[in-house]
Amino acid sequence: MISLPVADPGTPDTRGPLRYLWWVARVQKWPMLVGISMAILWWLAQALVPAALGRAIDALAGSRTGDLVEWSAAILGLGAIQAVTGVLRHRFAVLTWLGAAYRTVQVTARQATRLGATLPKRLSTGEVVSVGNSDIAHIGNAMDILLRGTGALVAIGTVTVILLTTSPPLGLIVLIGVPLMAAAVGPLLRPLHKRQHAQRDLQGDLATRASDIVGGLRVLRGIGGEALFSARYREESQGVRRAGVRVASVESALEGAQILLPGVLIAAVTWLGAQFALDGRISPGQLVAFYAYAAFLIAPLRTVTEAADKLTKGHVAARRVCRILSLEPEIRDGTGTLPAEAVSDVLLDGESGVAVRPGRLTALVAAVPEEAAAITDRLGRYTPGEVTLGGVSLAELPVGEVRRHILVADNAARLFTGRLRDELDVRGTATDDDVRLALHAACADDIVEALPDGLDARVAEAGREFSGGQQQRLRLARALTADPDVLVLVEPTSAVDAHTEARIADRLGKARAGRTTLVCTTSPLVLDRADLVVFVEDGKVRAEGSHRELLDAEPGYSAVVTRGEG
């Protein structure tokens, strides 16, 4: 049984769609070469049958029994070769299809991981999803058709040589007719390429729209916006349909050309062969062979035009993949190392002056929410900034090492499909007691207890079976289970009621005792339990102290925390 390699596919060539397709073919060169060899033998076995059949008929007409037996055996042998090589050709065609498609999935997924927070800023969800929905199939088809297409070209060349040897006029008709047929199909490829590209863009936009509607369906129902978004989706869907019709109009012309052009060429060969037989210039067996060749040439000629279509679609798909693979992350890896003692030191944002003290629960209050988001992005190194940990600049460290020590958990984080236990313990290193303690600290015990299978329950897509407050508590439990050296929480209690918020505020400090924690919030319940509160205004630290001290001493802080009610 043929199995796919699971090793690292290597670094793809993204300098252009043709280079990418060449890279895909090169990384699986041995299956490609074996498949092409099998395809050539398969086509050649078929191409030689008419010649053997013609010789057998001439032997029968001349009463040459020995020759008849030999050529009959040759036909049988060619049939056996067709059977064996046909099976192997198909198996290697499937192998190369899967290899091309899923290597594309591998490199795209690896690039998505590498880009991280950069990806949603540069590309829409639908653009990325469409790679797995349709582009991988077109790239796989491009590799598949290379096998049959190469064999078809060899078969056409072999038939042309046989016809030239037997009858130069017939051979010249094929020799001249095939390039003319290819040239006639050529003008259809450019508009096909352009329309497929436009349709692919519209499909990506429509997938994004559908993702947005599904993700926000609960909100849409709450504000009565289903009709508006349904109308927008219907309009965009009709645009995709019209683009598909435009593509289909060119494809139908190409399909018609696949029938008409080979048919005209075959009719010409058959008519001329019949004239030569009547004039005695060729034997009856040769006439039968020419007719058989005329019928046989339909398949390889159609394969050649099919190759033009599939390679065009593969080119369009490869261009989209290259667009994703050519993106560069906003944050680059450094080459430095972080000393062990630096992990338990101060995390400092030089731009704002926010200092997260080791082993303490620090709260950050910003006059403008966007300022707090910008600071947390810099502290987690999701955007460039002058941030140091223990005096070591985060810009000098590999991103992976920063992520191991600093975890930023915000409300944009998602729950994924799978077992709840695996969702909470994403690193797979926590014990059941660790998970239960994290659930208790996040006041999420009741959520798990209400599930029939508890921690073994399956989470639906994006955790849609949970309410907004339940999702927020589960995200907090997940962050606490990870137990990072530095934990940055962004508004972890914004979607829960006051009673639950008070319990979380009491338990959070105990759960993170002795660990470095920063909570971005304006909740008085959480702020009152923080070891230190930092107030930021206009992007700079304006005051530090306890919650009650800042309420008395800092009017700006009081206005933000009390929403102007003080």
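The values are calculated or read from the model by the stated rules, or taken from the named source; none is laboratory data. Since this is a predicted model, take the numbers as computed values, not measurements. Glycine gets a Cβ as well: all are built from the backbone with ideal geometry, and neighbour counts include every protein chain shown. Quick note on the areas: whole protein, heavy atoms, side chains included, nothing else; ligands and nucleic acids left out. Shrake-Rupley method; radii C 1.70, N 1.55, O 1.52, S 1.80 Å.
Laid out as a table, the results:
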quantity: Residues satisfying the stated conditions in the stretch 375-399, i.e. small (Gly, Ala, Ser) and either within 25 Å of the chain's Cα centre (by Cα) or outside any strand (DSSP E or B) (or both); calculated: Gly380, Gly385, Gly390, Gly391, Ala395
quantity: Scope the stretch 400-455; condition of a type in the set (D, E, K, R), surrounded by fewer than 19 Cβ atoms within 10 Å (Cβ to Cβ) and part of a loop (DSSP other than H, G, I, E, B); matching residues; calculated: Asp410, Arg414, Arg427, Asp453
quantity: Options Ala513, Ala457: the member that is free of Cβ contacts under 8 Å to residues at least 40 places away in the same chain, out of contact with any strand residue (DSSP E or B) (no Cβ under 6 Å at 6 or more places or on another chain) and within 26 Å of Val536 (Cβ to Cβ); calculated: Ala513
quantity: Single residue of Val496, Val541, Val536 found to be aliphatic (A, V, I, L, M) and not in a strand (DSSP E or B); calculated: Val496
quantity: Checklist (1) open to solvent by 20 Å² or more (accessible area, probe 1.4 Å); (2) of a type outside the set (Asp, Glu); (3) touching a residue at least 60 places away in the same chain (Cβ under 8 Å); (4) part of a helix (DSSP H, G or I) applied to Ala372, failing item; calculated: (1)
quantity: Among residues of the stretch 477-493, those that are open to solvent by 30 Å² or more (accessible area, probe 1.4 Å) and not in a strand (DSSP E or B), counted; calculated: 4
quantity: Thr303, sole failed condition from (1) surrounded by 14 or more Cβ atoms within 10 Å (Cβ to Cβ); (2) under 29 Å from Arg110 (Cα atoms); calculated: (2)
quantity: Check on Ser134, surrounded by 20 or more Cβ atoms within 10 Å (Cβ to Cβ), assigned to a helix (DSSP H, G or I) and modelled with pLDDT under 85; calculated: no
quantity: Residue list for the stretch 254-268, restricted to those being surrounded by fewer than 14 Cβ atoms within 10 Å (Cβ to Cβ) and within 22 Å of Lys313 (Cβ to Cβ); calculated: Gly256, Ile259, Leu260
quantity: Failed item, numbered, when Thr158 is tested on (1) open to solvent by 40 Å² or more (accessible area, probe 1.4 Å); (2) among the polar types (S, T, N, Q); (3) closer than 30 Å to Leu41 by Cβ; calculated: (1)
quantity: Residue in the stretch 494-515 that is polar (S, T, N, Q), closer than 15 Å to Ile375 by Cβ and buried (at least 17 other Cβ atoms within 10 Å of the Cβ) present; calculated: no
quantity: Which listed residue, of Pro398, Pro484, Pro452, Pro492, is free of Cβ contacts under 8 Å to residues at least 24 places away in the same chain and either out of contact with any Cys (no Cβ under 8 Å at 6 or more places or on another chain) or over 18 Å from Tyr382 (Cβ atoms) (or both); calculated: Pro452
